[in-house]
2 protein chains.
Amino acid sequence: MTFDYTSFFRSDLPAPAARWSGFPRYNFVGGHNDADQVPVDVLADAARDALLREGKTLATYGLESGPQGYVGLRALIAAKLQARAKIACTVDDILVTAGSLQALDLVNAAFLEPGDTVIVEADCYGGTLGRLKAAGVRAIGIDLDDQGMRMDHLASVLEDLKAKAVKPKFLYTIPTVQNPTGTVLPEERRRELLRLASDHDFPIFEDDCYADLLWDGERPPAIRALDDEGRVIYCGSFSKSIAPALRLGYIAAEWPVLSRLIALKKDGGSGALEQMTLAAFDVDRFDDHVTGLKRVLKEKCAVMMSALDEHFGTSAEFKAPKGGIFIWVTLPPAVDTTALAQAAAEEGVTLNPGADWSTDPVTGRQKLRLCFGNPTEDTIRAGIAKLAEICHRETGIPARSANIERTDA
Amino acid sequence: MTFDYTSFFRSDLPAPAARWSGFPRYNFVGGHNDADQVPVDVLADAARDALLREGKTLATYGLESGPQGYVGLRALIAAKLQARAKIACTVDDILVTAGSLQALDLVNAAFLEPGDTVIVEADCYGGTLGRLKAAGVRAIGIDLDDQGMRMDHLASVLEDLKAKAVKPKFLYTIPTVQNPTGTVLPEERRRELLRLASDHDFPIFEDDCYADLLWDGERPPAIRALDDEGRVIYCGSFSKSIAPALRLGYIAAEWPVLSRLIALKKDGGSGALEQMTLAAFDVDRFDDHVTGLKRVLKEKCAVMMSALDEHFGTSAEFKAPKGGIFIWVTLPPAVDTTALAQAAAEEGVTLNPGADWSTDPVTGRQKLRLCFGNPTEDTIRAGIAKLAEICHRETGIPARSANIERTDA
């Protein structure tokens, strides 16, 4: 096999993938979930029942529901959005996608050209930042505090852009259990955000992927629920609430947007069996499932926070997330988390370095994201201990942990 | 809802989608299949068994198989490719995709930039031609005869390109049950194609989507099976053999190619439940299923050919396809099939106009593709009668059919 493809590939390709060799022992990256919480029995019966009932419709692309997705699933999504996010919508307002990643790709493809500007949270989902960078788009980060995106900073950035006659293509936000900070934007800030968007006239892309995993209390209404101008494009996912390997997300938006996204969605429809199967849930059953899942995740989160306290002591700064599957940690300035991630990966500990999850590479390099949804509690404890050991060896930090002064021995 | 998105969208978007209002009564477009042939019982048991057995692995992206896809399904694909297409490969050589459409998108994304040249068959799958056009790529068509792509024409085109110092990025071909002509490229031409590709030094992208639906006899080895230089990227699909709404295709290629495609496949993995379910087939079970399916499709094809003879008489020229789900028809020069398709759609008859399925718009406008996989035999007969009636009204052709002289009454 001698053919050399090098000169035939595009010149701007990302680095080639390495052979996959299994998950690392201490895997703290990726939106994975707790294996025991996958509702296997419900899904098994639902898949079988759906196939026996209407499996023949698999003979046509899009089943008999058209390009927006299986109408039974869209009905569940609409009911769920009404009940939980307070979004008034019908099956006509929903587009089912192959996970929320396809939702990002479709919205980006509809709006963005090289040189465009998009506003994001200063700490932001790495998959979004990577996509914007690949599209040649400038991402401007807005500072976050304990209540999510700071509206005073947003207002000043918008004034600045206005002075430069730059109009953002949209503002992308994860307002409810923000990724990676785990914060929740209060309703009053959501309303302020809409006022600013109206004053400066730009659309909002609301990514609500983690909203179903808010530990306690009622979630604020979605920004889209508070919007009476139709300027919010909303996306969500079943990856975090049911199972990540089921590739099902959704977009709720006005028809002038949906009709553009559908025209760009040239995939022959999203996976039909997964859509038919998930449609067996109703809102109550979904709520019951998510209630149990959140209990487990909250406990794992507590274990990880406790392990961080134990092994990193005051070196690791973090706020307890309001929900979700990750903790956003800041280490002292002496630690470069990109270098740490490389050293740790060689010993079976993976983490997301903050430089990939922040619009500010300088502060980003002190930060890291740690996911706790999938590893067991024992694995979390052992993995954080291991990470502290590696970090100490590489950087001298933490100097002390678990009441033991660390040495280089 | 007053927000106007117009100035925010990219300037080069395709036309927005129209609201879907159900399939037309006489639907002769799309790669749909016979509803009664969907192996519903097998799939229902397989889905349930797979979920009960290993549903917990849905908690991680990619299950426990990594980004190339569920290893159980890759094992089936490798065994099937060995048995049917004579391709020697292992699970390591396979990438599972969301239908062959994603395979096209990934290969295009890895190779093509605006201004590039790709060689295709002169009559070619519209989805491929549309993608090349959207990518700003020039598609050069090679003439077809009863045995597929003509190697003498290819040789002369390659000499011509060489004289102009133009090197194609790849040659895209559907050699086995070509879409839309239904021809099969004989083994000797496959070997000649490889010789020409080697002499002129370009890769081949072999799309074998319809190969499992060859009516009779043994299929020739895949071009990839005859290639000892590793220059063939091969793709296939379960859409035509099992069910189109299950979004599962696959690529077999050398690692230098696969590693690039995996790096571009940022979708969180292909649908896991569909992969786990299909993996319940083995080669024998797949063969048994396809044998029954082909019998039904061949009979529907005969019904459509008979209806075309009856209602269009000598006005409709076509060759019996060697397999598949479509017939490629040429009408007299007076008929513009793009206009005919519009008139017919208004009366519930849909067809693919040849201008979208040909690199030569002049000869393409006389041609049309008619799909027979999904409609019942009665629907095929009634739909072709209706199409002849509309065509006569719009163009005067056919003048006579079914032994009845048509009038404009």
What is the one condition in (1) away from every other protein chain (no Cβ under 11 Å); (2) of a type in the set (G, A, S); (3) closer than 19 Å to A:K265 by Cβ that A:A79 does not satisfy? (3)
Since B:F281 meets every condition but one in (1) away from chain A (no Cβ under 12 Å); (2) in a helix (DSSP H, G or I), which condition does it not meet? (2)
Is it the case, given these coordinates, that B:S270 is in contact (Cβ under 8 Å) with a residue 60 or more places away in the chain and farther than 30 Å from B:L370 by Cβ? yes
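For the condition surrounded by fewer than 19 Cβ atoms within 10 Å (Cβ to Cβ), hydrophobic (A, V, I, L, M, F, W, C) and modelled with pLDDT of 95 or more, what is the one hit in A:V107, A:V166?
Numbers: A:V107 fails: surrounded by fewer than 19 Cβ atoms within 10 Å (Cβ to Cβ).
Step by step, each of A:V107, A:V166 is checked, and only A:V166 is surrounded by fewer than 19 Cβ atoms within 10 Å (Cβ to Cβ), hydrophobic (A, V, I, L, M, F, W, C) and modelled with pLDDT of 95 or more.
Which one of these is out of contact with any Phe, Trp or Tyr (no Cβ under 8 Å at 6 or more places or on another chain), aliphatic (A, V, I, L, M) and either closer than 21 Å to B:D227 by Cβ or away from every other protein chain (no Cβ under 14 Å) (or both): B:V137, B:V157, B:V118?
Numbers: B:V137 fails: either closer than 21 Å to B:D227 by Cβ or away from every other protein chain (no Cβ under 14 Å) (or both); B:V118 fails: out of contact with any Phe, Trp or Tyr (no Cβ under 8 Å at 6 or more places or on another chain).
Checking each option against the conditions leaves just B:V157.
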Here are B:I94, B:I87: which of them is β-branched (V, I, T), assigned by TED's automatic domain parsing to the domain that holds B:C235 and farther than 23 Å from B:G268 by Cβ? B:I87
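Let me confirm something: among B:S100, B:S21, which residue is crowded, with 19+ Cβ neighbours inside 10 Å, more than 30 Å from A:N374 (Cβ to Cβ) and more than 7 Å from chain A (Cβ to nearest Cβ)? It would help to see each step written out before you state the result.
Numbers: B:S21 fails: crowded, with 19+ Cβ neighbours inside 10 Å.
Going through B:S100, B:S21 in turn, just one is crowded, with 19+ Cβ neighbours inside 10 Å, more than 30 Å from A:N374 (Cβ to Cβ) and more than 7 Å from chain A (Cβ to nearest Cβ): B:S100.
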Positions within the stretch B:1-18 being facing another protein chain (nearest Cβ under 7 Å), over 27 Å from B:R131 (Cβ atoms) and either assigned to a helix (DSSP H, G or I) or under 19 Å from the mean Cα position of the chain (by Cα) (or both), in sequence order: none
Consider the stretch B:146-163. How many of its residues are surrounded by fewer than 22 Cβ atoms within 10 Å (Cβ to Cβ) and touching a residue at least 12 places away in the same chain (Cβ under 8 Å)? 7
Within the stretch B:18-59, how many residues are more than 29 Å from B:A341 (Cα to Cα) and among the charged types (D, E, K, R)? 7
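For every residue, the table says whether it meets (1) surrounded by 15 or more Cβ atoms within 10 Å (Cβ to Cβ); (2) over 28 Å from A:T181 (Cα atoms); (3) among the hydrophobic types (A, V, I, L, M, F, W, C); (4) touching a strand residue (DSSP E or B) at 6+ places or on another chain (Cβ under 6 Å).
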residue	(1), (2), (3), (4)
A:D282	no, yes, no, no
A:D288	no, no, no, no
A:K298	yes, no, no, no
A:S306	no, no, no, no
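In the stretch A:265-280, which residues are in contact with a strand residue (DSSP E or B) (Cβ under 7 Å, 6 or more places away or on another chain) and hydroxyl-bearing (S, T, Y)?
Of the residues in the stretch A:265-280, the ones in contact with a strand residue (DSSP E or B) (Cβ under 7 Å, 6 or more places away or on another chain) are A:270, A:275.
Listed by number, the list holds a single entry, A:S270.
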Can you find, within the stretch B:238-263, the residue that is surrounded by the most Cβ atoms within 10 Å (Cβ to Cβ) among those that are within 7 Å of chain A (Cβ to nearest Cβ) and in a helix (DSSP H, G or I)? B:V257
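Condition first: more than 26 Å from B:M276 (Cβ to Cβ), more than 9 Å from every other protein chain (Cβ to nearest Cβ) and at pLDDT 95 or above. Now tell me which residues in the stretch A:211-231 satisfy that. If you could, list the steps in order and put the result at the bottom.
First pass over the stretch A:211-231, keeping only residues more than 26 Å from B:M276 (Cβ to Cβ): A:211, A:214-231.
Imposing the further condition that a residue be more than 9 Å from every other protein chain (Cβ to nearest Cβ) reduces the set to A:211, A:214-226.
Within the stretch A:211-231, A:A211, A:L214, A:R219, A:P220, A:P221, A:A222, A:I223, A:R224, A:A225, A:L226 meet the criteria.
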Subset tally (residues that are touching a residue at least 12 places away in the same chain (Cβ under 8 Å) and part of a helix (DSSP H, G or I)) for the stretch B:22-56: 12
Among the residues of the stretch B:57-76 satisfying the criterion of being facing another protein chain (nearest Cβ under 9 Å) and among the hydrophobic types (A, V, I, L, M, F, W, C), which is farthest from B:V120 (Cα to Cα)? B:A59
Within the stretch B:369-377, does at least one residue satisfy the condition of being closer than 15 Å to B:N27 by Cα, in contact with a Ser or Thr (Cβ under 8 Å, 6 or more places away or on another chain), assigned to a loop (DSSP other than H, G, I, E, B) and touching a residue at least 60 places away in the same chain (Cβ under 8 Å)? yes
Need the failing condition index for A:S198 against (1) part of a strand (DSSP E or B); (2) surrounded by fewer than 17 Cβ atoms within 10 Å (Cβ to Cβ), just the number. (1)
Quick check: is even one residue across the stretch A:47-56 more than 8 Å from chain B (Cβ to nearest Cβ) and more than 18 Å from A:T277 (Cβ to Cβ)? no
Just to be sure, is A:R381 more than 18 Å from A:G31 (Cβ to Cβ) and either modelled with pLDDT of 95 or more or in a helix (DSSP H, G or I) (or both)? yes
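Among the residues of the stretch A:82-97, which ones are of a type in the set (S, T, N, Q) and within 12 Å of another protein chain (Cβ to nearest Cβ)? Even if it seems obvious, please write down each step before you answer.
Taking the stretch A:82-97 as the starting set, the residues that turn out to be of a type in the set (S, T, N, Q) are A:82, A:90, A:97.
Matches in the stretch A:82-97: A:T97 only.
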Close pairs from the stretch B:118-138: first over 16 Å from B:G182 (Cβ atoms), partner of a type in the set (K, R) and crowded, with 20+ Cβ neighbours inside 10 Å, Cβ under 7 Å, at least 6 apart: B:V118/B:K169
Output for the stretch B:337-363, where each listed residue is touching a strand residue (DSSP E or B) at 6+ places or on another chain (Cβ under 7 Å) and at pLDDT below 95: B:D360
Would you be able to tell me the number of residues in the stretch A:31-46 that are within 7 Å of chain B (Cβ to nearest Cβ) and among the polar types (S, T, N, Q)? 1
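The values are calculated or read from the model by the stated rules, or taken from the named source; none is laboratory data. Computed from a predicted structure; not experimentally measured. Every residue, glycine as well, gets a Cβ built from its backbone with ideal geometry; the counts of neighbours run over all protein chains shown.
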